[in-house]
Ligand code: T3D
């Protein structure tokens, strides 16, 4: 299904959201932001979707805010109207992505800039095509940062490197992204689509409940003392320990068989 600048597809347990405005390097206009928020809600609520992939069409992943729309808004409306997009779109999108109870893969097919980079940083796994790159870009247009970059980036690369990347907005190519910990893996361009499909299929056939509990535990642990993290872990273990997936997988292990996970 295509809604404005975004395509949503579901196949074999994998929900894919594809930015599809290649002529604008998949910049986020109002329609695309609205569709992204709705798409995340739809995939999040669909139990048959067990892994979510975010990717782009053409030579970009996503280059953040559509600056043509932004400038047109500043020219015709009040600045307050333009800036409402942060609390009304970018923040809910970041929270929706972060709050999904299934693995999220950013398949970074090309350049990811500004809020486009921030979206990728919110994923659990960032697979980069060899020709892909990141740019924090915000400083280049005299802006701060949004869509969670102040929260994700220091956690990924440490505060000093995070500020260096934000201050300069410089291009970080795929190999450097891997070295910095911004990329989980880098794949040659011609093998990229097949690699992402295999990875997503693998995650979608995994123990969904356990993945969701891990996702939550890791996110919650980030800003909490050890004792609180241990409580979240204990609750996750209690819930996943009561699942059919767990029982079936333990039985399969003892019988030297391969488990089948159903997400129940
Ligand atoms: O209220 C609010 O809106 C606040 C929200 C802010 C959130 C944000 O995301 S702010 C950050 C916005 N993004 C940027 O500042 C990135 C700007 N783009 C770039 O720095 C470069 O284009 C790239 C590094 C991403 C890629 O460079 P390059 O050399 O590969 O391509 P290019 O030639 O610069 O761009 C190609 C076309 O895409 C060009 O259009 P044209 O001349 O072919 O008609 C360019 O204008 C267009 N384009 C690139 N980025 C954007 C864009 N069009 C609209 N919005 C963009 N963000």
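Quick note: the coordinates plus some simple rules give every number you see, no bench work behind them. All of these numbers come straight from a predicted model, not from anything done at the bench. Note that each Cβ is placed from the backbone with ideal geometry, even for glycine, and that neighbours are counted across all protein chains shown.
Does the range 46-56 contain at least one residue that is within 11 Å of the ligand (Cβ to nearest atom) and in contact with a strand residue (DSSP E or B) (Cβ under 7 Å, 6 or more places away or on another chain)? Please lay out each step first, then the result.
Step one: of the range 46-56, the residues within 11 Å of the ligand (Cβ to nearest atom) are none.
Scanning the range 46-56, I find no residue that is within 11 Å of the ligand (Cβ to nearest atom) and in contact with a strand residue (DSSP E or B) (Cβ under 7 Å, 6 or more places away or on another chain), so the answer is no.
In the range 47-66, is there at least one residue being in a helix (DSSP H, G or I), touching a residue at least 24 places away in the same chain (Cβ under 8 Å) and surrounded by fewer than 19 Cβ atoms within 10 Å (Cβ to Cβ)?
Of the range 47-66, the ones in a helix (DSSP H, G or I) are none.
No: the range 47-66 contains no residue that is in a helix (DSSP H, G or I), touching a residue at least 24 places away in the same chain (Cβ under 8 Å) and surrounded by fewer than 19 Cβ atoms within 10 Å (Cβ to Cβ).
Please work out which residue is farthest from the ligand (Cβ to nearest atom), limiting yourself to the range 20-34 and to residues that are in a helix (DSSP H, G or I) and crowded, with 22+ Cβ neighbours inside 10 Å. Before you say what the answer is, go through the steps one by one.
Keep residues of the range 20-34 that are in a helix (DSSP H, G or I), which gives 22-24, 30-34.
After this cut, where a residue has to be crowded, with 22+ Cβ neighbours inside 10 Å as well, the list is 32-33.
Numbers: 32: 11, 33: 10 Å.
That would be 32.
If you go through the range 128-149, how many residues are within 15 Å of the chain's Cα centre (by Cα) and surrounded by fewer than 24 Cβ atoms within 10 Å (Cβ to Cβ)?
Initially, the range 128-149 is screened for residues within 15 Å of the chain's Cα centre (by Cα), giving 128, 134, 146-149.
Retained after the next criterion (residues that are surrounded by fewer than 24 Cβ atoms within 10 Å (Cβ to Cβ)): 146, 148.
Total meeting the criteria: 2.
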